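Q: Handing you this structure, nothing more for now.
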Amino acid sequence: MKFVAIDFETANPDLASICQIGAVTFQDDKIVDTWQTLLNPEDYFDPMNVSIHGIYEDMVQDAPTFPQVFGSLKHLIAGQIVVCHSHFDRVALDRVIYRYTLSKIDCVWLDTAKVVRRAWTEFSRKGYGLKKVAETLGIEFEHHVAEEDARAAGEILLRAIAETGMSLQDWLIRVNKPIDLNVGEITREGNPDGPLAGEVVVFTGTLSMPRREAADLAAEAGCEVAAAIKKTTTLLVVGDQDIRRLVGHEKSSKHRKAEDLIAKGQLIRIVGESDFLRLVEVTA
């Protein structure tokens with residue numbers, strides 16, 4: 001697993017006015033390279049932007065311009081998965097390349113803001129800015145320093161991979177699907193006359209259908225559907241691609257919590273989505 005996390009700071013509201021680049025290369029869950037440089041944006045510095053990142057015009061007078069570092073940047077990210085938190089950095093790169101009539105860099109982009117909104121329910125609708133997410137996850141960094149912001153985005157992605165059990169390649173696909181596939185209000189009261197009445201089910205991992213549809217099926221069959229593992233949980237349904245990942249941290253937090261409760265004597269059955277769908281079909 002390899003990706004390059006990147007961040008740009010700008011001198012003014014024009015996204016092409018890049019005055020600092022930071023890039024951090026991750027491989028196999030570790031940082032293997034870092035790069036940061038000031039740039040002379042050949043543009044004015046807006047006081048508002050300066051108040052955010054603390055980079056003044058006189059600090060970049062002798063710094064290289066973007067075309068002078070373009071070769072180094074291209075060598076770093078061409079053909080790589082490039083990670084940034086929100087789409088602004090991607091647009092900034094496109095804008096500065098257009099400004100200087102340079103060739104586009106062929107790479108695959110992954111927005112960690114989109115990842116966060118799908119990995120953690122509490123961030124699905126709001127609060128998914130870099131600073132807030134990093135604070136919640138206990139990631140320390142110096143905000144608005146390009147290399148630090150890039151590192152934080154990369155570490156957030158690693159946390160999402162560990163939390164959900166989804167791989168880097170899985171996330172490249174998942175961010176292009178609706179948020180509600182994995183998050184949203186899915187609690188249900190079970191049909192008291194259903195054949196699975198009395199079961200309390202929780203879903204985790206990537207399912208083949210939106211969670212709300214899976215919840216409807218479970219409730220119709222009699223299950224109470226809960227959003228989190230609790231002492232009354234009797235059934236954990238895991239996405240098929242996640243059920244095959246049985247190595248430690250690759251399991252979701254719900255999966256790990258269920259196993260902890262099982263070890264303490266709670267009767268919880270863990271099944272894959274396909275088995276769950278077959279179970280619902282047979283009992284219908």
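Read the figures in this text as sums done on the coordinates, not as results from a lab. Since we're looking at a predicted model, the values are computed, not measured. Don't worry about glycine lacking a Cβ; one is built from the backbone with ideal geometry, like all the others, and counts go over all protein chains shown.
Q: Quick test for you: out of ARG99, ARG118, pick the one residue that is closer than 28 Å to ILE161 by Cβ and of a type outside the set (Val, Ile, Thr).
A: ARG118
Q: Does region 150-171 contain at least one residue that is touching a residue at least 24 places away in the same chain (Cβ under 8 Å), more than 18 Å from GLN27 (Cα to Cα) and in contact with a Phe, Trp or Tyr (Cβ under 7 Å, 6 or more places away or on another chain)?
A: No, region 150-171 has no match at all.
Q: If you scan region 110-149, which residues turn out to be among the small types (Gly, Ala, Ser), closer than 29 Å to LEU73 by Cα and either part of a helix (DSSP H, G or I) or in contact with a helix residue (DSSP H, G or I) (Cβ under 6 Å, 6 or more places away or on another chain) (or both)?
A: Within region 110-149, ALA113, ALA134, ALA146 qualify.
Q: Considering only residues of region 217-241 that are surrounded by fewer than 16 Cβ atoms within 10 Å (Cβ to Cβ) and touching a strand residue (DSSP E or B) at 6+ places or on another chain (Cβ under 7 Å), which is nearest to GLY272 (Cα to Cα)?
A: Looking at the filtered set, the residue picked out is ALA228.
Q: Is it the case that ASP89 is on the phi > 0 side of the Ramachandran plot and of a type outside the set (Phe, Trp, Tyr)?
A: Here the answer is no, as ASP89 does not meet what is asked.
Q: Output yes when any residue across region 22-34 is hydrophobic (A, V, I, L, M, F, W, C) and either farther than 23 Å from LEU110 by Cα or over 22 Å from the mean Cα position of the chain (by Cα) (or both), and no when none is.
A: The answer is no; no qualifying residue exists.
Q: Then there's this: List the residue pairs whose Cβ atoms are under 7 Å apart, where the first residue sits in region 207-236 and is farther than 16 Å from ASP260 by Cβ and in contact (Cβ under 8 Å) with a residue 12 or more places away in the chain, the second is of a type in the set (Asp, Glu) and surrounded by 21 or more Cβ atoms within 10 Å (Cβ to Cβ), and the two are 6 or more positions apart or on different chains.
A: If the second residue must be of a type in the set (Asp, Glu) and surrounded by 21 or more Cβ atoms within 10 Å (Cβ to Cβ), the pairs left are LEU207/GLU273; SER208/GLU273.
Q: Continuing with this model, one more query. Among the residues of region 94-131 satisfying the criterion of being within 21 Å of the chain's Cα centre (by Cα) and aliphatic (A, V, I, L, M), which is nearest to SER253 (Cα to Cα)?
A: Per the stated criteria, the residue is ALA119.
Q: Next question. I need a count of the residues in region 1-33 that are in a strand (DSSP E or B) and more than 26 Å from ASP170 (Cβ to Cβ).
A: Counting residues in region 1-33 that are in a strand (DSSP E or B) and more than 26 Å from ASP170 (Cβ to Cβ) gives 8.
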